[in-house]
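In what follows, a single structure is set out as C-alpha cells and then discussed.
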Amino acid sequence: MQTSTSWRSFRMAAWLGWVIESNWTDPFLFAVYSIVKPVSGAAILVIMYGIISQGNFDSAMFPYIYLGNAFYIYVGAVMTGVSWAVVDDREHYKTLKYMYIAPIHIPLYLLGRGVARFITGSIAVFITLAAGILFLNVRINFAEVNWLLFFTTLIVGVVMLAMLGLLLAGLTLMTVRHEGFIGEATAGALYIFSGAVFPLNILPEWLQPIGYFMPTTYWLELLRRSLVGNVAAAFPTLANFSDLQILGVLAGLSLFFGTISVYVFRWCDGIARERGLIDRTTNY
Amino acid sequence: MEAVSKKYSHKATGWRLFLKTIIARAYPRIIGQQREISWMVFEVVMPMLAVISYVFVYRALNAPEEYIGFVVMGGAMTAFWMNILWSMSSQLYWEKEQGNLALYIMAPNSMMAILLGMALGGMLATAMRAIAVTLLGMLMFGVTFTVSSYLQLFLVFMLAMVALYGMGMMMASAFLMFGREAWHMANLAQEPIFLASGFYFPIKSLPFWVAAGASVIPLTLGMDAMRQLIFPTGFQFGFMTVQLEIYILAALSVVFLVTAKFLLARVEKLAVREGRITESRR
C-alpha cells in the first residue's frame, strides 16, 4: 500500500508537471521555447570565447566551458523544478493545501513535479550538445566516450540535484515573498562555485574550498572526463584524482546532501504545518 | 464627514488628470522599493551572480581588462531589461490576474498615463539597482570608468531609457492579449536578448546584419554608445559612431511611444470586445 501510494504520488506529479510545463502553447512554440533559451545561453559563452581566443576553438578551454555550461542546464531545471512546485502550487494555483490533504506522499509529489523539468532540461542539454558538435567544433569522439561512467554520473547527479531541490522546497515552504528567488539564487551561486564555465583555480583562494565542498563540481568534472577525457587533464583543479576517486567523492557528497535534504524538508514541513504556512499566499 | 460634504469640483480632468495618474502609478513603484528592501538585495545579487561568472570566464581566458568593465556595465543594464520584461510588458497581465485591470479600464484616467507612470517609477527604481550593480562591480573587480563626454553620455542614457520604456509600453499592450503564455514569453526574452544585444561583449563582434537587427532593441545601441563613452579604448569596439547612435535612439523613442499609444488603444478595444480584461487563464 505504501509503495503504491508513493509510486502514484510520483507518477501523477510527474504527469501534472509535464502538463503544466508543456500545455500553455502549441507544440511548435514549445519546441522553440525549449531550444532558443539554452542555445542562446551557450552562444553568449561561445561568442565571448571566440572574441578573446580569436576563433581558436581547438583549445581545451572551449570544451571545458561548453560542456560545463550544457550540463549545468540540469542544475537549474531539476533543482529549481522541484522547489518551484511549492511556489506554483501555493501562490499561483493555490492548490498546495489540497495536495497536503490528499492521500499522497508530499516529498515524492514534489520530486515528481521536477520530472517534467528534467525532461525539458534533457532536451535542452541534448540540443545544446548537438549544436556544439555540429556547428561549434566541440569534438566528442563517440567511440572513446566512457558511456558507463557517463550514465552512472548522470544518474547520480540528477538524483543529487533532485534531493537538493527538496531541500530548497523545504526552505521555500517557510519563506514569504522571496521564495521565487531561492532556487535561482542557489543555481546562480553553484554556477560560480562548481567551476561550471571556468576552472576552480580562477576563483580567489579563499573561495575555492566552497567549490570543493559542492557535489556539482565533481559531477561536472566526471561528465567532462567521460565525454572528452583529455580536457580534464588540461586543468589542475582535480587532475590528481582518478575517475573512480571523483565518483566516490560525488557519491559521498550526494549521500551527505541527500540525507541533509530529507531532514531539512521534514523539519521545515513540520514547522509549516504548525504555523499554517501551507495555504498562505502573499500575492507576490 | 467633511470629505463627503466637500464640493465635487476638485475632480482633475484633462492634462491634470493625466499627470496625476502618472504620479499615482509611479508612486507605488518607488515607495514599494523602500517597503521591501530585501527584494532589492535579491535584485542586485541575481545580476551580480551572472556578472561574477562572466568576469571569471574572461579572466580564465586572459581577456583584456576592458572586457571586465563591459560585463559589469552589461550586468547593470540587465536590471532595466528585466524591469521591461517583468514590470512593464507583463504588468498588465499581472494586473489582470489580480483583478486590477478592470478597475484601470473603468476609471476615468488614460491607460497611456498608467503605462507612463509605470515606466517612470520603474525607471527610477531600477536605476538604483543598476547603480548598486555598477558600484559592486567597481569594488569587486577594480573596474574604472573614464567618461569622454558627460553630455553625450547623459543624452545616450536618457534616449535609451525613453526608447526602451516606450518599447515596454508597446509590449504591455501585446501582453494584454496573452494568458498563461505571458510568463513564458517574458522568460523567453531573456537570454536571446542578452545575446543579441551584446550585454556581455561588444555588439561589433556579431555579424553586421545580426547587430543591425538587434539595434531595434534600444539597449543594444545604448550600451554600445555608452561603452565608447566610458572606456578609454571603447571606441575601438563601437558598432557605429556615438552621434549616429544618438540619432537612431531618438528615432526609436518617437516610433515606440507613438506605436505604444496606437497599439494600446487598439488592443484595449479588442480585449474589451473579447472579454479578456477580467479573464484569468491559469
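The values are calculated or read from the model by the stated rules, or taken from the named source; none is laboratory data. Since the model is a prediction, treat every value here as computed from it, not as a measurement. Note that we place each Cβ from the backbone using ideal geometry, even for glycine, and neighbour counts take in every protein chain shown.
Go through the residues of segment B:81-99 one by one and say whether even a single one is over 18 Å from the mean Cα position of the chain (by Cα), buried (at least 24 other Cβ atoms within 10 Å of the Cβ) and within 29 Å of A:Glu91 (Cβ to Cβ). Yes, there is a match, as at least one residue in segment B:81-99 is over 18 Å from the mean Cα position of the chain (by Cα), buried (at least 24 other Cβ atoms within 10 Å of the Cβ) and within 29 Å of A:Glu91 (Cβ to Cβ). Note on segment B:184-211: residues that are more than 21 Å from A:Pro38 (Cβ to Cβ) and in contact with a Leu (Cβ under 9 Å, 6 or more places away or on another chain) amount to 1. The residues of segment B:88-101 that are over 20 Å from B:Val216 (Cα atoms) and assigned to a helix (DSSP H, G or I), listed by number, are B:Gln91, B:Leu92, B:Tyr93, B:Trp94, B:Glu95, B:Lys96, B:Glu97, B:Gln98, B:Leu101. One residue stands out among those in segment A:35-83 that are more than 9 Å from every other protein chain (Cβ to nearest Cβ), hydrophobic (A, V, I, L, M, F, W, C) and surrounded by fewer than 19 Cβ atoms within 10 Å (Cβ to Cβ): the one that is farthest from B:Gly198 (Cα to Cα), which is A:Ala60. Taken together, A:Leu149, A:Leu134, A:Leu129 contain a single residue that is within 30 Å of A:Ala70 (Cα to Cα) and surrounded by fewer than 15 Cβ atoms within 10 Å (Cβ to Cβ), which is A:Leu134.
Just to confirm my filter: which helices (runs of 4 or more DSSP H) fall fully inside segment B:7-83 and include at least 3 residues that are facing chain A (nearest Cβ under 7 Å)?
It comes to B:37-60.
One residue stands out in segment B:186-217 among those that are within 17 Å of the chain's Cα centre (by Cα) and more than 9 Å from chain A (Cβ to nearest Cβ): the one that is surrounded by the most Cβ atoms within 10 Å (Cβ to Cβ), namely B:Ser197. When the test is whether a residue is closer than 15 Å to B:Ala271 by Cβ and part of a helix (DSSP H, G or I), B:Tyr104 passes it. Output yes when any residue across segment B:59-66 is within 20 Å of B:Glu191 (Cα to Cα) and either within 24 Å of the chain's Cα centre (by Cα) or of a type outside the set (Phe, Trp, Tyr) (or both), and no when none is. For segment B:59-66, residues within 20 Å of B:Glu191 (Cα to Cα) and either within 24 Å of the chain's Cα centre (by Cα) or of a type outside the set (Phe, Trp, Tyr) (or both): absent. Among the residues in segment A:54-70, are any under 18 Å from A:Leu168 (Cβ atoms), in contact with a helix residue (DSSP H, G or I) (Cβ under 8 Å, 6 or more places away or on another chain), modelled with pLDDT of 90 or more and not hydroxyl-bearing (Ser, Thr, Tyr)? So far as segment A:54-70 goes, no, none of its residues is under 18 Å from A:Leu168 (Cβ atoms), in contact with a helix residue (DSSP H, G or I) (Cβ under 8 Å, 6 or more places away or on another chain), modelled with pLDDT of 90 or more and not hydroxyl-bearing (Ser, Thr, Tyr).
Going through (1) of a type in the set (Asp, Glu); (2) surrounded by fewer than 19 Cβ atoms within 10 Å (Cβ to Cβ); (3) in contact (Cβ under 8 Å) with a residue 60 or more places away in the chain one by one, B:Glu245 falls short only on (2).
Considering B:Arg266, B:Arg227, B:Arg273, the condition of being out of contact with any strand residue (DSSP E or B) (no Cβ under 7 Å at 6 or more places or on another chain) and closer than 19 Å to B:Val72 by Cβ is satisfied by B:Arg227 alone. Is one or more of the residues making up segment B:169-178 more than 17 Å from the chain's Cα centre (by Cα) and either surrounded by fewer than 23 Cβ atoms within 10 Å (Cβ to Cβ) or within 14 Å of chain A (Cβ to nearest Cβ) (or both)? Yes, because at least one residue in segment B:169-178 is more than 17 Å from the chain's Cα centre (by Cα) and either surrounded by fewer than 23 Cβ atoms within 10 Å (Cβ to Cβ) or within 14 Å of chain A (Cβ to nearest Cβ) (or both).
Could you please let me know if B:Thr220 is without any contact (Cβ under 8 Å) to a residue 60 or more places away in the chain and buried (at least 21 other Cβ atoms within 10 Å of the Cβ)? The answer is yes for B:Thr220.
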